[in-house]
Amino acid sequence: QVQVVESGGGSVQAGGSLRLSCSVSGSIYAIDTMGWYRQAPGKQRELVAGIGSGTSTSYVDSVKGRFTISRDNARVYLQMNSLKPEDTAVYYCNAFLSSTMRDYWGQGTQVTVSS
């Protein structure tokens, strides 16, 4: 069984920073890609940032230059700077395991940015 647990959400004012953390544990042989998704009220879930098993990263255009994803084995982080009200959403951690060919999700952590 695989567990994905996020932490680090909260409320900040525009221009502030938050750091999200995610830990994957359980029956893990190898984690392929890891990423952060977000879902705002009334909107579809979108990929915010992803990172492969090496150093390759990708970002949605709206967060480029402000967010940084990093990874340390089975942990993934999202450093969010210069936050904007439109970044308000529930953020979900995702891990894809090549050993099971499945996606695993955390429970989500709320990020609220006030203007």
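The values are calculated or read from the model by the stated rules, or taken from the named source; none is laboratory data. Keep in mind that what you see is a predicted model, and the values were worked out from it rather than measured. Cβ atoms come from the backbone with ideal geometry, glycine included; neighbour counts cover every protein chain shown. Remember, those area values only see protein heavy atoms, side chains included, never the ligands or the DNA or RNA. Shrake-Rupley method; radii C 1.70, N 1.55, O 1.52, S 1.80 Å.
At-a-glance table
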read-out	value
Odd one out for Thr100, checked against (1) open to solvent by less than 80 Å² (accessible area, probe 1.4 Å); (2) closer than 20 Å to Gly8 by Cβ; (3) not in a strand (DSSP E or B)	(2)
Residue count, region 72-85 (criterion: modelled with pLDDT of 95 or more and over 14 Å from Gly16 (Cβ atoms))	3
Residues of region 76-112 that turn out to be of a type in the set (Ser, Thr, Tyr) and more than 10 Å from the chain's Cα centre (by Cα), as a count	7
Meets criteria (modelled with pLDDT under 95 and in contact with a strand residue (DSSP E or B) (Cβ under 8 Å, 6 or more places away or on another chain)) for Ser56	no
Flag if Gln1 is over 18 Å from Val113 (Cα atoms), of a type in the set (S, T, N, Q) and either open to solvent by 20 Å² or more (accessible area, probe 1.4 Å) or more than 13 Å from the chain's Cα centre (by Cα) (or both)	yes
Given (1) exposed (fewer than 12 other Cβ atoms within 10 Å of the Cβ); (2) at positive phi, index of the condition Gln13 fails	(2)
Selected residue (criterion: farthest from Gly26 (Cα to Cα)) from residues of region 86-97 that are of a type outside the set (S, T, N, Q) and open to solvent by less than 20 Å² (accessible area, probe 1.4 Å)	Asp87
Cross-chain or 6+ apart pairs with Cβ under 7 Å, region 7-27 first and under 13 Å from Met80 (Cβ atoms), then aromatic (Phe, Trp, Tyr)	Gly9/Tyr91; Arg19/Tyr77; Leu20/Trp36; Leu20/Tyr77; Leu20/Tyr91; Ser21/Tyr77
Condition met for Gln110 (polar (S, T, N, Q) and in contact with a strand residue (DSSP E or B) (Cβ under 7 Å, 6 or more places away or on another chain))	yes
